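Where a number appears in this text, it was derived from the coordinates with a stated rule and is not lab data. Bear in mind the structure is a predicted one, so any value in this text is a computation, not a measurement. Neighbour counts are summed over all protein chains in view; Cβ atoms, including those assigned to glycine, are modelled from backbone coordinates with ideal geometry.
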């Protein structure tokens, strides 16, 4: 019996040893693309647009001081966009780019909340052994790409940067229905897709690396122009669906950032001719059409507002926030598209920079009187 137990343990240890033997070491550190370029590390590099600073219009607040979460991003630097090529480069997981000398190209390998000189992959016990790809593989995937907002503004516009650049295959997320629908709009043959999954590790003969279109949450004009070209194509497709000028996007069935007194809120909006819509289950083309024809949009902060990229210039937006989580990303979008942006804060404690909780899960309660006051001014263009 003891010999049998000992034999089983030895067999398990051998399997474990073989498993780790087939793994490769984690990256040894991080480097920025421009620093790697200065070393002569790329086989090709082309800048598409230089870095610049954007000056944003503050939200219309009818004489009140705009919240500091907006003012700190009024004057904001936007990075250069580029295409780099890396012979024998690797891509792992959600678009982490690894050089042949085992460094993470940090500015094209997003990790939310991590400092710019660090990536947690460097602390991994090891990575799965890579699979070789004999050809030109373009990296499109990025962290967050399985969420609608990051897919639209961080991932999909990388196809636009690649226009005119040859690639044999694309490393990109394709697990969600909207992924497939958008890939059809971009005319990407799904037979040329390598699915970006958690443990996927590919080494390409040539890795083609488009930059991110901007910094996450700070939407670039280039990303908007690319998505609006897709809108023009989508609007030519036949679809029989009702359209409305005044829409409220509900998060009633969401797990976070719900309007807890939504019945009261919608009573106010209904009196002004708004209809309540839930975007869950609607096709990409249907969502594009809804926002392309809306003239007034009200919604609590959430990914559904990403579709504002399809709104017409001059469309008014009223975004609802909890004071514990004010994310100005759709205000940055409104600036790029010449939308009239407003916001209303829910009830609760106000926070300064030192106490702000950044609680992205916090639900909200909106004062109906405050909302009615704001809507009246929006609709009368005061």
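Suppose we keep just the DSSP beta bridges with both residues in the chain; what percent of those would be antiparallel, to 5?
Numbers: 24 of 56 bridges.
Bridges in the chain are about 45 percent antiparallel.
So if R0 is 30 Å, what FRET efficiency would residue 312 and residue 215 give, r being the distance between their Cβ atoms, rounded to the nearest 0.05?
On the way: r = 26 Å, r/R0 = 0.88.
Result of the calculation: an efficiency of 0.70.
Fewest Cβ neighbours within 10 Å first, please rank 291, 274 accordingly.
Details: 291 23, 274 20.
With the sparsest Cβ surroundings first, the list reads 274, 291.
Note the full-extension length gain between residue 189 and residue 372 as 0.36 nm times their separation in residues minus their Cα-Cα distance, in nm to one decimal. Please list the in-between numbers first.
Numbers: separation 183, 0.36 × 183 = 65.88 nm, distance 4.84 nm.
Here the answer is 61.0 nm.
Over the C-alpha atoms of the stretch 246-379, what are the Rg and the largest Cα-to-Cα span, Dmax, in Å?
Just the Cα atoms of the stretch 246-379 yield Rg and Dmax of 14.1, 42 Å.
If we count other beta carbons within 10 Å of each Cβ, what is the order of 109, 116, 220, fewest first?
Numbers: 109 26, 116 10, 220 23.
Lowest count first: 116, 220, 109.
Here are some values of Rg and Dmax of the Cα atoms in Å: [x] 46.1, 168; [y] 23.7, 87; [z] 19.0, 58. Which one was computed from this structure?
Structure-derived value, by its label: [y].
Once label points are set 7 Å from the Cα along Cα→Cβ at both residue 255 and residue 51, what is their separation, rounded to one decimal in nm?
So the label points at residue 255 and residue 51 sit 3.8 nm apart.
Ranking request for peptides 153-160, 211-218: highest mean number of other beta-carbon atoms within 10 Å first, then the rest in descending order. Mind dumping the intermediate values first?
Working: 153-160: 24.4, 211-218: 20.2.
Packing order, densest peptide first, comes out as 153-160, 211-218.
In what sequence do 224, 122 fall when counting other Cβ within 10 Å, fewest first?
Details: 224 20, 122 15.
Ordered by Cβ neighbours within 10 Å, fewest first: 122, 224.
Residue separation times 0.36 nm, minus the C-alpha to C-alpha distance between residue 23 and residue 347: what's the value? Show your work: numbers first, answer last.
Values: separation 324, 0.36 × 324 = 116.64 nm, distance 5.22 nm.
So the chain would gain 111.4 nm between residue 23 and residue 347.
So what is the relative contact order for the chain, in percent, with contacts set as C-alpha pairs under 8 Å and at least six apart? Could the numbers behind the result be given before it?
Details: 704 pairs, mean separation 59.6, N = 382.
For the chain, the relative contact order is 16 percent.
Taking every pair of alpha-carbon atoms in the stretch 217-272, give the share separated by more than 20 Å as a whole percent.
Here the tail beyond 20 Å accounts for 58 percent of pairs.
Nearest 500 deg cm²/dmol is fine: what mean residue ellipticity at 222 nm does the chain get from its DSSP H runs of n ≥ 4 alone, each adding -39,500 (n - 2.57), divided by its residue count? Spell out each step's value before the answer.
Numbers: 10 runs with 99 residues, N = 382.
Counting only the DSSP helices, I get -7500 deg cm²/dmol.
Is the stretch 173-314 best put as rounded, prolate or oblate by its Cα gyration tensor, with a ≥ b ≥ c the root eigenvalues, rounded for a/c under 1.5, and otherwise prolate when a/b is larger than b/c, oblate when not? Don't jump to the answer; show the numbers that get you there.
Working: a/c = 2.15, a/b = 1.78, b/c = 1.21.
Judged from the Cα gyration tensor, the stretch 173-314 comes out prolate (a/c at least 1.5, a/b above b/c).
Using a Förster distance of 30 angstrom, determine the FRET efficiency expected from the C-beta separation of residue 64 and residue 263, and round it to 0.05. Don't skip to the end; give the middle numbers.
Working: r = 27 Å, r/R0 = 0.90.
E(calc), rounded to 0.05, equals 0.65.
If R₀ is 25 angstrom, what is the calculated FRET efficiency for the pair residue 244 and residue 176, using the beta carbon separation as r and rounding to 0.05? Write out the running numbers ahead of the final one.
Details: r = 26 Å, r/R0 = 1.03.
With R0 = 25 Å, the Cβ-Cβ based efficiency is 0.45.
Work out, step by step, the length gained on full extension between residue 112 and residue 136: first 0.36 nm times the residue separation, then minus their alpha carbon distance; give nm to one decimal. Show your work: numbers first, answer last.
Working: separation 24, 0.36 × 24 = 8.64 nm, distance 2.78 nm.
This chain segment gains 5.9 nm when fully extended.
Pairing the Cα long axis of helix 368-379 with the longest principal axis of the chain, what angle in degrees results, from 0 to 90 and rounded to the nearest 10?
The two axes meet at around 80 degrees.
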